[in-house]
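One structure is given here, and the rest of the page talks about it.
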Amino acid sequence: MRILAIINGEYGQRHVENIRTHSPADWQIEVWQAPTILPPIVDYPEDYLPESLPPADLLLAFGEHKGVAELIVEAAKMAGAKAVIAPVDREEWLPRGLARQLRGWLADLGIACVTPKPLCSLTETHYNVRRHQVEYDDPFIAEFARYFGRPGLRVTVDPETRVITGVEVERDAVCGCAHHVAQGLVGVSANDAEQEAGLLHHHYPCLAGMVKDPDFNDTLMHVSGNILKDNVGEQIKPYKEVRYIVPRP
């Protein structure tokens with residue numbers, strides 16, 4: 001699969017580095033560094049695009065400015081992309097109205113587009129928009145989501161000691177957070193695993209915003225952290241000690 005990532009900042013660069021480290025060997029990953037300074041409204045995208053872009057099946061839009069999102073349609077056409085992933089990790093970088101328009105504009109061109117909110121809600125069949133899931137059907141996005149998107153950890157617990165002895169990353173977050181959490185959970189008791197997973201996620205440099213999002217009535221960073229905690233929590237539930245408090249007569 002040929003992938004073109006559009007970045008214009010540190011977070012996008014870290015995404016690309018993690019994808020390159022953990023992606024299949026046959027993926028071809030190219031990067032276009034978009035301008036770091038753009039006007040509030042981009043009237044003529046061609047003024048900010050290069051003369052050509054590498055051909056791609058899938059375009060990843062990791063811009064850290066709303067103006068970058070306004071370049072996506074022309075960039076996808078220029079690269080011959082069949083699909084686009086444009087995450088909403090911060091509302092100011094891809095406002096909901098623009099995300100909706102982007103999906104429509106690309107659909108008119110026959111280009112599939114998903115706008116997962118946050119990016120780590122993406123699976124091979126669906127993603128989050130606001131408080132509900134949206135299904136999609138595209139082979140390029142699904143192939144990417146086999147390896148990157150909603151974190152999937154396989155946790156092994158010693159049934160006698162109730163301690164985590166191993167964690168395998170079945171699907172990483174695009175930013176690499178799942179690998180970070182997996183390493184930190186080894187040796188942690190089942191009773192403490194969910195809390196520790198949340199702390200490890202919180203201390204990782206997450207792209208998701210810390211401003212309360214009206215769609216979730218919470219920050220997207222917390223939404224992201226809860227996705228990972230829920231994955232861990234379901235697996236360690238059988239090993240947690242249940243303590244009962246018996247009141248004195």
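Computed over neighbours whose Cβ is under 11 Å from that of LYS229, the net charge equals -4, Lys and Arg +1, Asp and Glu -1. Our helix-only sum for the chain, with -39,500 (n - 2.57) per DSSP H run of n ≥ 4 divided by its residues, gives a mean residue ellipticity at 222 nm of -9500 deg cm²/dmol. Candidates TYR136, GLN13, LEU49 compared by Cα position along the dipole of the chain: farthest toward the positive end lies TYR136, with charges placed on Cβ. In a reduced charge model with +1 at each Lys and Arg Cβ and -1 at each Asp and Glu Cβ, region 2-145 shows a dipole moment near 460 debye about its Cα centre.
Highest mean packing first, where packing is the average number of other Cβ atoms within 10 Å per residue, the peptides 178-190, 68-80 line up as 68-80, 178-190. Charged side chains reduced to their Cβ positions (Lys and Arg at +1, Asp and Glu at -1) give the chain a dipole of some 780 debye around its Cα centre. For region 2-145, averaging the sequence separation of C-alpha pairs within contact (under 8 Å, six or more residues apart) and dividing by the residue count gives a relative contact order of 20 percent. If you average the alpha carbon positions of region 1-47 and of region 167-222, how far apart do those two centres end up, in angstrom? After rounding, the separation between the Cα centres reads 23 Å. Each Lys and Arg adds +1 at its Cβ and each Asp and Glu adds -1 at its Cβ; summed about the Cα centre, region 152-239 shows a dipole of about 60 debye. Taking a ≥ b ≥ c as the square roots of the eigenvalues of the Cα gyration tensor, region 2-145 is classed as rounded, since a/c falls below 1.5.
Using the average count of surrounding beta-carbon atoms within 10 Å as a protection proxy, the listed peptides 39-52, 100-113 rank, highest first, as 100-113, 39-52. Are there any helices in the chain, counted as whole DSSP H runs, that stretch 30 Å or more along their axis by Cα and score at least 0.5 on average by Kyte-Doolittle, and if so which? Helix filter hits for the chain: none.
Under the classification rounded if a/c is under 1.5, otherwise prolate if a/b is larger than b/c and oblate if not, where does region 161-201 fall, given a ≥ b ≥ c as square roots of the Cα gyration tensor eigenvalues? Oblate, because a/c is 1.5 or more while a/b does not exceed b/c. By the Kirkwood approach, averaging reciprocal distances over each pair of separate Cα atoms, region 152-239 gets a hydrodynamic radius of 13.2 Å. Take each peptide in 11-23, 218-230, count the other Cβ atoms within 10 Å of every residue, and average; sorted highest first, the result is 218-230, 11-23.
Read-outs: derived from the displayed coordinates by stated rules, not from any lab. Just so you know, these numbers come straight off a predicted model, no measurement behind them. With ideal geometry, Cβ positions are generated from the backbone for all residues, glycine too; neighbour counts draw on all protein chains shown.
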